[in-house]
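Accompanying notes for the structure given below.
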Amino acid sequence: MTSSQPVLRIYSAGNSETLPGTVVLDSSKPDLTSTDAAANRVRGHLATIIDFFQTAYQRNSTDGRGADVTATVHYGRDYANVFWNGTQLVIGDGDQATDFTGSLSAIAHEYVEGLIQDTAAFEHAGQSGALIESLGAVFGVLVEQYQLKQSTDQADWLEGKGLFRNNPAAAIRSLKTPADYNQPDHMDDYDDHADVRTNSGIPNHAFYLLATDLGGNAWEKAGGIWYKALTNYATQSTDFSGFAKATIAAATDLFDQDTAARVKAAWSTVGVS
């Protein structure tokens, strides 16, 4: 595993859909500066995300080996989304209501999809697909908690704050109360016909229950367990039950049987055996 710092490059698509676009910032070229506010915001967000994974889990970039990190801003016209396209982050300007460069957790969510691609490589369907969305949400909120130095009881457990131009307190999902965003928090309400984002509320809430039970900084014990489960135990077809088993094994490896029992209890509370 290399210790070299990943090169961070920000491009602008100039409201086209051509990728990657024109380079505007490059961490290997410190003399290259830009007055583009969106590009500078994304650079700051990605620097925080890269630092988080290096500091919390000793992971160097998405692949763990210092791969360059590329992002394109100003994608499309009034494009209200951010996504990982298999090789890079792509971020639209949003519309009159949204600004996707304004949310650290939303950008971290998509960065994590790149990390998952280089680890468990979950299938983007069914429960495996819901785990992709859940892990993006979990580590997205953990990055924000890390940046704000928040403990579990100080955090709001919301993903997507800062995304809505006229309501900076609004979000796109809650790990604490998934039902507030039309997501189930128990397997009794799992919907085979719903999209993966909807069903991700169940593992999201399991993580919240564990993190608040353990207390302290959620990225340390609870986040460490989820990270080890993802990178050491999960496979392409892992479902909720399989990931629960992976987190119990990770808790046993990292901590002790008491912590593993708490992990098991969190999953049991959301109906995953």
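The values are calculated or read from the model by the stated rules, or taken from the named source; none is laboratory data. Computed from a prediction, not measured in an experiment: that's the story for all the values here. Please note: Cβ atoms are built from the backbone with ideal geometry, for glycine as well, and neighbour counts cover all protein chains shown. Areas reflect the complete protein model, heavy atoms only, side chains present, ligands, DNA and RNA absent. Shrake-Rupley method; radii C 1.70, N 1.55, O 1.52, S 1.80 Å.
So here's what we get for this one:
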quantity	calculated
Residue under evaluation Gln147, criteria (1) of a type outside the set (D, E, K, R); (2) in contact with a helix residue (DSSP H, G or I) (Cβ under 6 Å, 6 or more places away or on another chain); (3) within 19 Å of Asn81 (Cβ to Cβ); (4) open to solvent by 70 Å² or more (accessible area, probe 1.4 Å), criterion not met	(3)
Residue match in region 37-58 (condition: assigned to a loop (DSSP other than H, G, I, E, B), under 28 Å from Val141 (Cβ atoms) and in contact (Cβ under 8 Å) with a residue 24 or more places away in the chain)	no
Total residues in region 179-235, condition of a type in the set (Asp, Glu) and more than 14 Å from Ala130 (Cβ to Cβ)	4
Candidate set: region 109-119, residues that are in a helix (DSSP H, G or I) and of a type outside the set (A, V, I, L, M); chosen: the one most open to solvent (accessible area, probe 1.4 Å)	Gln117
Counted residues, region 152-191 - those being without any contact (Cβ under 8 Å) to a residue 40 or more places away in the chain and among the acidic types (Asp, Glu)	4
Selection status of Gly102, modelled with pLDDT under 95 and surrounded by fewer than 22 Cβ atoms within 10 Å (Cβ to Cβ)	yes
Hits in region 120-142 (condition: in a loop (DSSP other than H, G, I, E, B) and buried (at least 21 other Cβ atoms within 10 Å of the Cβ))	Ala120, Phe122
Among residues of region 103-140, those that are touching a residue at least 60 places away in the same chain (Cβ under 8 Å) and either of a type in the set (Ser, Thr, Tyr) or more than 16 Å from Asn81 (Cα to Cα) (or both), counted	22
Among the candidates Ala211, Ala266, residue that is in contact with a helix residue (DSSP H, G or I) (Cβ under 7 Å, 6 or more places away or on another chain) and without any contact (Cβ under 8 Å) to a residue 60 or more places away in the chain	Ala211
Region 4-36, residues that are open to solvent by 50 Å² or more (accessible area, probe 1.4 Å), part of a strand (DSSP E or B) and of a type in the set (A, V, I, L, M)	Val23
